[in-house]
Amino acid sequence: ILIFLLGTVVIAAVLAPLQRITVHATSHGKLATFEGHDLALILKAVGAGPVESPGGKNLVKTIAVSAADNYRVIFSFSELDPTLGNNQVLLIDRENGQPLPADDGPWRLVVPSDKRPARWVRQVTSIVISGN
């Protein structure tokens, strides 16, 4: 199990060398521009994967993202892997060119391809990777 907490110096050091991504997505009928980092690349930067062409034990690994209010969502490694699910999940800190407001940030998860924003976690506090 690998756990990292957001809002710490550690996450800043992990994100600094990563390319920022900008996407346009709709949430609750409103189109917005979101800026942040690809979750798959963050996981790779901390040595947790997802690895390309996962097989065997990597197929059962999961990523749990938790919020300040204890809301939690789960993703599989294969869902994020570019050779399998190729689902883009972003950890964002800016919306429409502005830092996230306190009730959404400082970190928020955005899944542009989801038809409903149920996995768009606000006030992300931790990311836990588990599975054998």
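Of all residues being open to solvent by 20 Å² or more (accessible area, probe 1.4 Å), at pLDDT 90 or above and not hydrophobic (A, V, I, L, M, F, W, C) in segment 31-52, which is nearest to residue 105 (Cα to Cα)? Just the residue, please.
Among them, the one singled out is 35.
Would you check if residue 23 is surrounded by 11 or more Cβ atoms within 10 Å (Cβ to Cβ), at pLDDT 75 or above and touching a Gly at 6+ places or on another chain (Cβ under 9 Å)?
For residue 23, the condition - surrounded by 11 or more Cβ atoms within 10 Å (Cβ to Cβ), at pLDDT 75 or above and touching a Gly at 6+ places or on another chain (Cβ under 9 Å) - is met.
Provide a single number: the residues in segment 53-97 that are part of a loop (DSSP other than H, G, I, E, B), among the β-branched types (Val, Ile, Thr) and at pLDDT below 90.
1
Give the residue that is least open to solvent (accessible area, probe 1.4 Å), with candidates limited to residues of segment 89-105 that are over 17 Å from residue 48 (Cα atoms) and in contact (Cβ under 8 Å) with a residue 60 or more places away in the chain.
Of everything passing the filter in segment 89-105, 97 is least open to solvent (accessible area, probe 1.4 Å).
Restricting attention to segment 75-84, does a residue exist that is among the β-branched types (Val, Ile, Thr) and within 13 Å of the chain's Cα centre (by Cα)?
No, every residue in segment 75-84 fails to be among the β-branched types (Val, Ile, Thr) and within 13 Å of the chain's Cα centre (by Cα).
Out of the residues in segment 106-123 that are buried (at least 19 other Cβ atoms within 10 Å of the Cβ) and touching a strand residue (DSSP E or B) at 6+ places or on another chain (Cβ under 6 Å), state the one that is modelled with the lowest pLDDT.
107
The values are calculated or read from the model by the stated rules, or taken from the named source; none is laboratory data. The structure displayed is predicted, hence computed values, not measured ones. Cβ: placed from backbone, ideal geometry, glycine included. Neighbour counts: every protein chain shown. Side chains included, ligands, DNA and RNA excluded: accessible areas come from the protein's heavy atoms. Shrake-Rupley method; radii C 1.70, N 1.55, O 1.52, S 1.80 Å.
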